[in-house]
Amino acid sequence: MFDDVSSSALRVAVSGLAARQRAIADNIANIETPGYHARKVKFEEALSGAVSAGRSPSSVAPSVQQSLEPTRLNGSNVNLDEETLSHLDTTMRYQLTLRAVDSKYSLLREAIKGA
């Protein structure tokens, strides 16, 4: 019941979005750290591919990669504008995903109460 495709996909999405939020926070915290390379978290394509291929979304894990963007004079490549936009986008996606999880379990609670 809790291992269906939608529940598994939502768990992976929450995990991936949380990892992205941590990476963004680390990037912003290290914006002036010489030689620091921003980290990017990817999982959406792998999650979509797993669902499309009929594989369990549970097999998908977020991947963390270093940004290949050009560096500034101190060797850091963190772009505050990009990180801010990514933070806003990720926050909205995270909230939407949590609403979907809440909705799914609300339906389950209602079904149990009505039985």
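The set of residues from region 70-111 being surrounded by 14 or more Cβ atoms within 10 Å (Cβ to Cβ) and either closer than 16 Å to residue 39 by Cβ or modelled with pLDDT under 90 (or both) comprises 71, 76, 77, 78, 79, 82, 83, 86, 87, 90, 104.
Is it fair to say residue 24 is among the hydrophobic types (A, V, I, L, M, F, W, C), assigned to a helix (DSSP H, G or I) and either surrounded by 15 or more Cβ atoms within 10 Å (Cβ to Cβ) or modelled with pLDDT of 95 or more (or both)? Answer is yes for this residue. Please specify each residue of region 42-60 satisfying the condition of being surrounded by 13 or more Cβ atoms within 10 Å (Cβ to Cβ) and of a type in the set (A, V, I, L, M, F, W, C). Once the filter is applied, which keeps residues that are surrounded by 13 or more Cβ atoms within 10 Å (Cβ to Cβ) and of a type in the set (A, V, I, L, M, F, W, C), region 42-60 yields 43, 46, 47, 50, 51, 60.
For region 74-102, give me each residue that is of a type in the set (A, V, I, L, M, F, W, C) and touching a His at 6+ places or on another chain (Cβ under 9 Å).
Listed by number, the list holds a single entry, 78.
Pairing residues of region 51-65 that are in a loop (DSSP other than H, G, I, E, B) with residues that are modelled with pLDDT of 90 or more and charged (D, E, K, R), at Cβ distances under 9 Å and at least 6 apart in sequence or on separate chains, gives 62/20; 62/42.
Pairing residues of region 1-19 that are within 16 Å of residue 103 (Cα to Cα) with residues that are of a type in the set (A, V, I, L, M) and modelled with pLDDT of 90 or more, at Cβ distances under 8 Å and at least 6 apart in sequence or on separate chains, gives 5/51; 9/47; 9/51; 10/100; 10/101; 13/47; 14/98; 14/101.
The values are calculated or read from the model by the stated rules, or taken from the named source; none is laboratory data. Quick caveat: nothing in here was measured; it's all calculated off a predicted structure. When we count neighbours, we look across all protein chains shown, and the Cβ atoms used for this are built from the backbone with ideal geometry, even at glycine.
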